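What follows is a set of notes on a single structure, which appears directly below.
The values are calculated or read from the model by the stated rules, or taken from the named source; none is laboratory data. Note that this is a predicted model, so its numbers are computed, not measured. Ideal geometry is used to build each Cβ from the backbone, glycine not excepted, and the neighbour counts take in all protein chains shown. Keep in mind that these areas ignore ligands, DNA and RNA; they rest on the heavy atoms of the full protein, side chains included. Shrake-Rupley method; radii C 1.70, N 1.55, O 1.52, S 1.80 Å.
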Amino acid sequence: MKINIVETLILDVPAVRPHRLAMVTLNVQSLVLVRIVSEDGIEGWGEATTIGGLSYGEESPESIKANIDRWMAPLLVGQDARRVSLLMAQIGRSVQGNRFAKCAIETALLDAQAQRLGIPLSELLGGRQHDALPVAWTLASGDTAQDIAEAQKMLDLRRHRIFKLKIGRREVQEDVAHVLAVRRALDDTVSVRVDVNQAWDERQAERGIAALEAGGIDAVEQPIAAHNLAGLARLTRRFSVAIMADEALKGPQDALALAVQGAADVFSIKITQSGGLTAARQVAEMAQLSGIALYGGTMLEGAIGTAATAHLCATFSDLHFGTELFGPLLLTEEILTGPLVYRDFMLQVPDGPGLGIGLDQDKVAALRRR
Ligand code: MUC
Ligand code: MG
């Protein structure tokens, strides 16, 4: 069952509003998609989307495309599409790093294989335990009144009741005041968390987290630099509010180090950051064996990466912190023939073969970067 085509596409899709993170403001998201077609005619899709060019991770949309086209696609064409783990091992021997690119390729191969077997991807990843996943929304307009109005709208729509606030751009005091104003405006059934995206040093984190904990915030994501595991461990020991590792988790080795050092209460599981679905599963297993809670993270991917992560998260017995798989909702354009279903605060995990989604080819062609 030979692989005939490996194609990489970049789609530039405007966001519904500017999305402000500590390191970058996102106005347009560049989705990086990989399509793998085999001689049986089955087409698998994967995604390698990152945030803000090179401002979040060390792979950019353009480097991902170039490295797949020049270095990884030739290792796949002509090979047996069904030998997914063997193909990924061969790529692993020839290509250092490039976790996002590897993730997209592995996702496309697994999507195709699950279609071939006539089963949802989640069944290939160990077996589905959930058909729907709680899904958070990120409030990142930077404006308190606008964030409160947006949260209220999401509650009224019954789309989200978990909110993550992006902070770290302003003075600690100012950011904390913003978060606590949003917290006070919403009722107690709503979960409010923050993501600092590494913006604080340890002393700022001590001040900020103490105030957030006292104000009833449920989790603090990546408060300090990704490499400062000892600092993360000190904060995790010191505070009862959950400390979440995100940028610190670049695959299973990091998961092991974080678990050994007790450097997080929660892991944000991201398939791209982990280097693929199999590696992300290892990260999750490391957490589960170490008593660390799970959260389904996003790199603000479109429908393909979101569906792939949902299939993986559906296999976890406990997902105490839910997911933030809202990426497609941040985009102005729908690229699926049937959109992913968000209902009653949950994302429904697709149940057709493979990823269980269909791409709108006209939309893909219209958004594709030339
Ligand atoms: C991150 O750091 O978690 C996820 C949600 C969001 O708004 O930004 C991303 C990246
Ligand atoms: Mg984060």
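Listed values, structure above:
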| quantity | calculated |
| --- | --- |
| The one condition in (1) away from ligand 1 (no atom under 15 Å from the Cβ); (2) assigned to a helix (DSSP H, G or I); (3) crowded, with 19+ Cβ neighbours inside 10 Å that residue 289 fails to fulfil | (3) |
| Any hit, the range 48-60, residues being over 17 Å from residue 11 (Cβ atoms), modelled with pLDDT of 95 or more and β-branched (Val, Ile, Thr) | no |
| Residue tally, condition open to solvent by 30 Å² or more (accessible area, probe 1.4 Å) and touching a helix residue (DSSP H, G or I) at 6+ places or on another chain (Cβ under 7 Å), over the range 127-141 | 1 |
| Per-region count, the range 176-201, residues away from ligand 1 (no atom under 15 Å from the Cβ), of a type outside the set (A, V, I, L, M) and closer than 14 Å to residue 223 by Cα | 1 |
| Enumeration of residues in the range 221-241 that are under 25 Å from residue 57 (Cα atoms), out of contact with any Phe, Trp or Tyr (no Cβ under 8 Å at 6 or more places or on another chain) and either hydroxyl-bearing (Ser, Thr, Tyr) or not in a helix (DSSP H, G or I) (or both) | 221, 222, 225, 226, 227, 228, 236 |
| Qualifying residue in the range 40-49 (condition: open to solvent by 60 Å² or more (accessible area, probe 1.4 Å) and under 21 Å from the mean Cα position of the chain (by Cα)) | no |
| Set 38, 60, 55: member being within 14 Å of ligand 1 (Cβ to nearest atom), assigned by TED's automatic domain parsing to the domain that holds residue 110 and polar (S, T, N, Q) | 55 |
| Residue in the range 202-227 that is least open to solvent (accessible area, probe 1.4 Å), counting only those that are within 15 Å of residue 247 (Cβ to Cβ) and more than 15 Å from ligand 1 (Cβ to nearest atom) | 205 |
| Matching entry among 122, 141 (being polar (S, T, N, Q) and within 16 Å of ligand 1 (Cβ to nearest atom)) | 141 |
| Given (1) closer than 24 Å to residue 309 by Cα; (2) away from ligand 2 (no atom under 16 Å from the Cβ), number of the condition residue 171 does not satisfy | (1) |
| Exclusive hit being in the same structural domain as residue 320 (by TED's automatic domain parsing), within 16 Å of ligand 1 (Cβ to nearest atom) and farther than 17 Å from residue 194 by Cα, set 284, 257, 280 | 280 |
| Odd one out for residue 159 among (1) within 13 Å of ligand 1 (Cβ to nearest atom); (2) in a loop (DSSP other than H, G, I, E, B); (3) in contact (Cβ under 8 Å) with a residue 60 or more places away in the chain | (1) |
| Evaluation of residue 247 against (1) within 14 Å of ligand 1 (Cβ to nearest atom); (2) in contact with a helix residue (DSSP H, G or I) (Cβ under 7 Å, 6 or more places away or on another chain) (one fails), failing number | (2) |
| Strands (runs of 3 or more DSSP E) contained entirely in the range 1-100, each with at least 2 residues that are aliphatic (A, V, I, L, M) | 3-20, 25-38 |
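A quick yes/no check of all residues on (1) open to solvent by 10 Å² or more (accessible area, probe 1.4 Å); (2) assigned to a loop (DSSP other than H, G, I, E, B); (3) not aliphatic (A, V, I, L, M):
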| residue | (1), (2), (3) |
| --- | --- |
| 284 | no, no, no |
| 294 | no, no, no |
| 301 | no, yes, yes |
| 306 | no, no, yes |
| 309 | no, no, yes |
| 317 | yes, yes, yes |
| 320 | yes, yes, yes |
| 329 | yes, no, no |
| 350 | yes, yes, yes |
